[in-house]
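So the structure is just underneath, and the comments pick up after that.
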């Protein structure tokens with residue numbers, strides 16, 4: 001008996017294999033797509049950021065970015081904008097949502113109109129404010145019509161100092177962001193059953209007690225999602241700043257990428273600088289994204305799946 | 001009794017405060033938009049006035065009389081309440097061009113010459129008016145901006161390709177997540193969300209080489225491939241939540257009556273999922289339409305519409321009425337589609353439950 005007989009597997013209908021692998025088959029295109037058009041470019045970028053101009057490994061690119069004279073201001077400006085956009089604008093939106101949180105005559109039209117700013121593309125937002133903030137623009141005209149300034153008291157908005165310019169950018173950001181965040185929070189508030197809050201009042205709580213102990217905790221999932229998604233997009237602000245002030249007057253991180261990639265693309269260090277800045281922005285945004293996934297329960301084990 | 005009355009009054013008072021507040025909010029939200037829409041209809045002469053007129057004039061009033069070099073043409077200025085001299089010439093061609101470019105009034109040299117002839121006969125100042133062409137700025141924007149028209153259609157083409165790619169690939173994955181339980185489901189689900197949140201600019205720069213190798217650099221399909229990275233993830237997100245809402249039992253019922261699995265999917269599930277698929281398609285459209293930074297990096301001679309508007313606005317502060325018209329053209333499709341999908345916006349932010 002020198003020959004070993006391999007036991008023949010019991011014939012399984014091919015459909016059964018198909019059934020088992022069908023979900024993966026449906027996911028195959030998206031996986032291939034992401035490997036080719038996302039993972040590969042990301043890896044290329046990471047490698048490029050560590051590659052010297054003559055080839056070979058280097059940390060020089062990061063060193064150049066970190067010692068770039070605009071890096072400090074860019075990081076600081078981005079941080080300030082993100083801080084305001086996420087905290088103060090968010091609190092204002094929450095306050096407004098709580099004030100408005102009731103059905104009133106015309107609430108449908110109000111929400112409809114309040115949604116317009118969030119629908120406007122960044123380039124068009126730039127068009128709105130660049131025509132507004134020039135000395136002859138609509139902003140000064142409006143202030144004149146309202147009787148706040150006289151005819152020869154024009155305000156030169158775009159010639160203001162850094163702090164005032166930052167404030168202007170934050171206000172423009174607020175104009176676009178607050179109504180949209182407010183609508184999202186309103187939707188969340190409307191999902192809270194009225195009885196839970198009424199119960200709080202019945203047991204003697206005042207408005208702020210009920211708000212703190214009942215409303216806000218119930219709203220927490222909406223709040224977390226809104227804050228972190230805001231965070232991710234606030235880090236990437238650039239277009240409105242460039243459209244109003246041009247490059248380099250108020251550097252922010254993503255503006256630096258476009259600056260090196262588009263504005264001074266023939267500089268011999270441009271590609272390296274752009275890659276370095278891109279990695280830094282991606283790293284910060286990734287941290288925010290992971291925080292988002294963490295809070296939304298991505299890292300909790302899926303019970304149904306664990307049983308498999 | 002007294003107490004009830006005072007409570008009633010305070011309720012009315014509170015209502016007044018509430019509506020004042022609502023109107024104040026609307027004023028802040030809508031004023032910038034109102035001014036830009038109004039500005040996009042102003043003639044160049046009006047747009048250079050300070051303070052800016054709140055609304056465009058529909059008709060311009062002219063006065064024509066004898067001048068040193070020929071005819072003195074004046075325009076009625078509503079703000080000052082008087083006629084202001086704008087031209088002194090006997091060249092009707094020049095007047096016609098001036099009317100057109102500065103006042104948005106389309107009058108041929110012959111039509112102006114007719115009025116001049118009346119003056120020559122009577123020797124009295126002639127008053128006449130010209131109807132303003134309201135869409136003059138829009139016409140001019142498309143005429144003088146480097147290939148704005150072709151960029152507009154290119155952007156639409158890119159957006160449609162993005163919709164096609166993301167609906168097919170994302171829809172399949174969304175169905176898989178909604179209907180099947182399999183190992184690695186949760187991990188895959190969230191890595192896709194991570195891809196979506198990763199900044200788009202990060203892949204745009206290395207994509208240049210990849211697209212050049214594929215022959216897709218500076219081509220609409222190249223940008224569609226880049227935009228699909230984000231759009232696919234969002235499509236999976238939306239379609240998964242839609243498919244999960246369609247009970248498997250109706251598909252099974254169709255199979256009981258003799259339909260194949262594919263047929264049941266096409267005839268039963270797909271029509272029910274249509275609203276969600278439409279929402280996903282519109283999100284893909286908006287993402288592709290509004291994007292600027294990757295388009296700057298990945299195009300050279302064939303820019304998208306957002307790049308054209310961006311470049312025409314950059315440092316062209318003088319042409320405020322043209323800037324406004326460009327911004328409005330850019331915003332209109334986006335605003336329109338956002339209102340079509342407003343039901344789904346909360347869903348997008350609400351939670352990420354599949």
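The values are calculated or read from the model by the stated rules, or taken from the named source; none is laboratory data. The model shown is predicted, which means the values in this text are computed figures rather than measured ones. Glycine also receives a Cβ, built like all others from the backbone with ideal geometry; neighbour counts cover every protein chain displayed.
Residues in the stretch A:144-171 that are in a helix (DSSP H, G or I), surrounded by 14 or more Cβ atoms within 10 Å (Cβ to Cβ) and facing chain B (nearest Cβ under 9 Å): A:144, A:158. Taking residue B:83, is it within 9 Å of another protein chain (Cβ to nearest Cβ), surrounded by 14 or more Cβ atoms within 10 Å (Cβ to Cβ) and either without any contact (Cβ under 8 Å) to a residue 24 or more places away in the chain or touching a helix residue (DSSP H, G or I) at 6+ places or on another chain (Cβ under 8 Å) (or both)? Judged against the criteria, residue B:83 is not a match.
Does residue B:114 qualify as being outside any loop (DSSP other than H, G, I, E, B), more than 26 Å from residue B:38 (Cβ to Cβ) and at pLDDT below 90? Against the criterion (outside any loop (DSSP other than H, G, I, E, B), more than 26 Å from residue B:38 (Cβ to Cβ) and at pLDDT below 90), residue B:114 qualifies. From the list B:157, B:102, the one residue that fits, being assigned to a helix (DSSP H, G or I), at pLDDT below 90 and at negative phi, is B:102. Filtered by the rule that a residue be in contact with a helix residue (DSSP H, G or I) (Cβ under 6 Å, 6 or more places away or on another chain) and within 7 Å of chain A (Cβ to nearest Cβ), the stretch B:206-215 gives B:206, B:207.
Taking the numbered list (1) closer than 13 Å to residue A:244 by Cβ; (2) free of Cβ contacts under 8 Å to residues at least 24 places away in the same chain in turn, residue A:150 passes all entries but (1).
Just to be sure before I move on: is residue B:229 assigned by TED's automatic domain parsing to the domain that holds residue B:275, crowded, with 18+ Cβ neighbours inside 10 Å, touching a helix residue (DSSP H, G or I) at 6+ places or on another chain (Cβ under 9 Å) and modelled with pLDDT of 85 or more in the structure I sent? Here the answer is yes, as residue B:229 does meet what is asked. Just one of the listed residues (B:280, B:254) is modelled with pLDDT of 85 or more, buried (at least 24 other Cβ atoms within 10 Å of the Cβ) and touching a helix residue (DSSP H, G or I) at 6+ places or on another chain (Cβ under 7 Å), namely B:280. For the stretch A:194-202, state whether one or more residues are in contact (Cβ under 8 Å) with a residue 24 or more places away in the chain and either surrounded by fewer than 20 Cβ atoms within 10 Å (Cβ to Cβ) or more than 9 Å from chain B (Cβ to nearest Cβ) (or both). There is no residue in the stretch A:194-202 that is in contact (Cβ under 8 Å) with a residue 24 or more places away in the chain and either surrounded by fewer than 20 Cβ atoms within 10 Å (Cβ to Cβ) or more than 9 Å from chain B (Cβ to nearest Cβ) (or both).
Which residues, counting only those in the stretch A:123-136, are without any contact (Cβ under 8 Å) to a residue 40 or more places away in the chain and more than 7 Å from chain B (Cβ to nearest Cβ)? Passing the criteria: only A:135.
Only one entry in A:248, A:233 is surrounded by fewer than 22 Cβ atoms within 10 Å (Cβ to Cβ) and either away from chain B (no Cβ under 11 Å) or on the phi > 0 side of the Ramachandran plot (or both), namely A:248.
Between B:167, B:193, B:188, the distinction of being more than 26 Å from the chain's Cα centre (by Cα), farther than 22 Å from residue B:44 by Cβ, within 14 Å of chain A (Cβ to nearest Cβ) and touching a residue at least 12 places away in the same chain (Cβ under 8 Å) belongs to B:193 only. When every residue of the stretch A:228-240 is checked against the conditions, at least one turns out to be farther than 30 Å from residue A:159 by Cα and modelled with pLDDT under 90. Only residues that are part of a helix (DSSP H, G or I) and surrounded by 15 or more Cβ atoms within 10 Å (Cβ to Cβ) were counted in the stretch B:257-266, giving 2.
Considering the stretch A:43-59 alone, what residues qualify as being out of contact with any helix residue (DSSP H, G or I) (no Cβ under 6 Å at 6 or more places or on another chain) and in contact (Cβ under 8 Å) with a residue 24 or more places away in the chain? Within the stretch A:43-59, A:46, A:53 meet the criteria.
Given the structure, is residue B:234 crowded, with 23+ Cβ neighbours inside 10 Å and more than 10 Å from chain A (Cβ to nearest Cβ)? Against the criterion (crowded, with 23+ Cβ neighbours inside 10 Å and more than 10 Å from chain A (Cβ to nearest Cβ)), residue B:234 does not qualify.
Here's the yes/no breakdown for (1) in contact with a helix residue (DSSP H, G or I) (Cβ under 8 Å, 6 or more places away or on another chain); (2) at pLDDT below 90; (3) more than 30 Å from residue B:29 (Cα to Cα):
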site: A:72; (1), (2), (3): no, no, yes
site: A:77; (1), (2), (3): yes, no, no
site: A:89; (1), (2), (3): yes, yes, no
site: A:104; (1), (2), (3): yes, yes, no
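Could you list, in sequence order, the residues of the stretch B:204-228 that are in a loop (DSSP other than H, G, I, E, B) and in contact (Cβ under 8 Å) with a residue 12 or more places away in the chain? Within the stretch B:204-228, B:217, B:218, B:219 meet the criteria.
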